[in-house]
Amino acid sequence: MPNRLISGEWEAAFLHLFRQAEAEFVIVSPFIGREPVEALRDAICRREQNEGIHIRCVVNCSSNHLLNGSVDSEAMALLAKDCPQADIFHLGGLHAKVYIADQKAALVTSANFTWSGWRRNREVGVWLEEPNMVREAYQWVSAIQEISTPLEEKDLSQLARLSGGLVKQQRHTLSEEQKAVAVSMQEILIRAHLRALQAERQTEKKAFKQFPSSTSENRIFASTILYLLQTQGPLTTRELHPLIQALHPELCDDTVERIINDVHFGRSYAVPSLYVTARRS
């Protein structure tokens, strides 16, 4: 299938892309649903001799997406459980949809990895096989993965448990109980952020707990600032602020007081000091 425009038959296009994967399949989609995940499991995870197939999935697991059903946390938990080679990442503010098989074929589209994206919505996309274009798409995915948060199976199981019994509503109409659940979801994502930072420090002799909690947040934001400066060019602190908040809404929610492991994370964050940290890194 050469480079071409695709405007229909999405399920067939995705299944064809699944069949191209022999070593790795990449999913970048803000929303993810049960039906496409089950199709992926049938096509790849349950394939004979599938041990070597690595699945990378970047999704927007913000609490409002989990609570309104745009992101099916149970489906992600199943993917992590049934596909041992699956790595799942969270990135707030994600809107792009990119799917790649073995760096030899890619689908860049408006279609989410959901039932609606496959069968109901009016979508359009481009199927790519030209090596340089596929390589550029793959490099872009690698760049956003660097600022994403890896989620373990236990994180996904906790998110599935929290969101499973709730009525799907928009966040501004949530009950007090549901708002509390949203805060719990944010805490799971923050813990995942901190765990990733702790893993980075395992090569250092000092214990992670000896570092101030503010340093942990600074490292998260510093890597994000560097990514934004590299991809968008020079930006002022005022311009950086909303971009960072869009990528890490669970860390930058000024309406929520977060207390994790008796550490107060507060209701806001300070970009100016983080910009200095990023410049000195």
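Since every read-out is calculated from the coordinates, none of them should be taken as a lab result. Computed from a predicted model, the values in this text were never measured in an experiment. Virtual Cβ from ideal backbone geometry, glycine too; neighbours counted across all protein chains shown.
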Quiz item: Is one or more of the residues making up segment 88-110 part of a helix (DSSP H, G or I) and surrounded by 20 or more Cβ atoms within 10 Å (Cβ to Cβ)?
Solution: no
Exercise. List the number of the failed condition for Ile27; all other conditions in (1) over 12 Å from the mean Cα position of the chain (by Cα); (2) assigned to a strand (DSSP E or B) hold.
Key: (1)
Exercise. Go through segment 129-149 and count every residue that is within 21 Å of Gln230 (Cβ to Cβ) and free of Cβ contacts under 8 Å to residues at least 40 places away in the same chain.
Key: 6
Exercise. Say whether the condition of being over 17 Å from the mean Cα position of the chain (by Cα), farther than 21 Å from Ala143 by Cβ and touching a residue at least 60 places away in the same chain (Cβ under 8 Å) is met by at least one residue in segment 41-64.
Key: no
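Would you pick out the residues in segment 68-85 that are within 19 Å of Ile44 (Cα to Cα) and within 13 Å of the chain's Cα centre (by Cα)?
Initially, segment 68-85 is screened for residues within 19 Å of Ile44 (Cα to Cα), giving 74-85.
Selection gives Met76 alone.
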Exercise. Take segment 113-148 and flag every residue that is within 11 Å of Trp10 (Cα to Cα) and of a type in the set (Lys, Arg).
Key: Arg119, Arg120, Arg122
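For segment 76-90, name all the residues that are closer than 13 Å to Ile32 by Cβ and out of contact with any Pro (no Cβ under 7 Å at 6 or more places or on another chain). Lay out the reasoning, then the answer.
Narrowing segment 76-90 to residues closer than 13 Å to Ile32 by Cβ: 76-80, 86, 88-90.
Within segment 76-90, Met76, Ala77, Leu78, Leu79, Ala80, Ala86, Ile88, His90 meet the criteria.
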Quiz item: Between a first residue in segment 111-128 that is closer than 11 Å to Ser70 by Cα and a second residue that is acidic (Asp, Glu) and assigned to a helix (DSSP H, G or I), which pairs have beta carbons less than 9 Å apart while being 6 or more apart in sequence or on different chains?
Solution: Thr114/Glu35; Trp115/Glu35
